[in-house]
Amino acid sequence: MTDQKNIIRSVGAYLPARVMTNDDLAKLVDTSDEWIQQRTGIKQRHIAAEGENTSDLAAAAGHKALENAGLEIADVDLIVVATTTPDMTFPATAAVVQQKLGMHHGAAFDIQAVCSGFVYAVATADSYLKNGLAKRALVIGAETASRILDWNDRTTCVLFGDGAGAVIMEPAKPGEDRGVLATALRSDGQHWNKLYTDGGPSSTQSMGHIRMEGKEVFKHAVGMITDVVYKVLEDTGHTIDDLDWFVPHQANKRIIDGAGQKLGLPPEKVVVTVDRHANTSAASVPLALNTAVADGRIKRGDLVMIEAMGGGFTWGASLIRW
Ligand code: UT7
């Protein structure tokens, strides 16, 4: 492993056209806009169209990231897709994305770490680039969570949405002191049955629906998130005050606020998109990054902390000099 740093060169995103509001949901289950906003901060979510698959969302976000970098797919030799909602049990959605983007060289595979998938994928691509296994990576978080929701279960169907975000990662140029500075990844499988699907190829030969003990997830979330954030800060000799932007996984505004308060972060440094996107699982962090880059908040040289926590439980954080 070298001490080469790998930068995020560009970001891209894609959201399906259809917007579903809380009032739309209140027509399906016994809920209300007031309850959803008060408990989660969510106002709306995007829902993929019939026939629009995770690979379509991922390819569209990937295409945007390439365009924003001024690159062609030929310039990339690794595609990593973080997803919990693959098009098929196999092949990897990354292989389908590879076909859709017209790439016939290099390598492509999926990462399954549920909501933490994008942080795991950034860490994986960073390691591949450091080890010389790839020269430039397209890292995507993409989900069609709407396909694995039980639309009769008000405790879960109000929380999730569909979307995709992508980044191009490549080695920093000589003398360029930026890129991924440190990452911490964690999981603890003793919690797997607090957030899971009640089916899968090996167990039920079906895909199952999301089941969650919301309170249990909530109880662990803030502590797990802050632990990895502190670890990454400690590993790099930085303090919370050095951060320009905190880009958390967008599951629930109350979890984001709780983590921000525990860390002592001013709210204006926290990027929030959960109100518009809901929880898009592995897509939430790159979608939030795209929002804050596109609106001019995140700029070259800024110190950016990304973090996520979700099913497994898995959790992780990464500190990036933009
Ligand atoms: O990426 C990680 C993925 N997951 C998460 O981050 C989720 C973490 N958990 C949460 O965000 C919260 O636990 C929820 C938003 C899921 C729930 O909020 P809560 O404050 O923990 O509510 P609760 O589960 O204690 O439910 C309170 C009440 C219950 O009614 P009773 O028993 O008090 O009469 C629920 O039945 O709210 C009821 N309820 C609803 N009411 C209206 C549950 N879901 C709904 C709903 N609309 N959609």
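Points to keep in mind about this one:
- Whether a residue is open to solvent by 90 Å² or more (accessible area, probe 1.4 Å), in contact with a helix residue (DSSP H, G or I) (Cβ under 8 Å, 6 or more places away or on another chain) and modelled with pLDDT of 95 or more was assessed, and Lys27 does not pass this test.
- Some residue of segment 132-145 being within 13 Å of the ligand (Cβ to nearest atom), part of a loop (DSSP other than H, G, I, E, B) and surrounded by 24 or more Cβ atoms within 10 Å (Cβ to Cβ): no
- Breaking point among (1) within 16 Å of the ligand (Cβ to nearest atom); (2) part of a helix (DSSP H, G or I); (3) free of Cβ contacts under 8 Å to residues at least 40 places away in the same chain, for Glu268: (1)
- Matching strands (runs of 3 or more DSSP E) fully within segment 158-197 where at least 1 residues are basic (Lys, Arg): 179-187
- Residue among Leu319, Leu287 that alone is buried (at least 17 other Cβ atoms within 10 Å of the Cβ) and assigned to a helix (DSSP H, G or I): Leu287
- Residues of segment 11-56 classified as more than 26 Å from Pro86 (Cβ to Cβ), in contact with an Asp or Glu (Cβ under 8 Å, 6 or more places away or on another chain) and of a type in the set (Ser, Thr, Tyr), total: 1
The values are calculated or read from the model by the stated rules, or taken from the named source; none is laboratory data. If you're wondering where the values come from, they're calculated on a predicted model, not measured in any experiment. So basically every Cβ, Gly included, is an ideal-geometry build from the backbone, and we count neighbours across all protein chains shown. These accessible areas exclude ligands, DNA and RNA; they are computed on the full protein's heavy atoms, side chains included. Shrake-Rupley method; radii C 1.70, N 1.55, O 1.52, S 1.80 Å.
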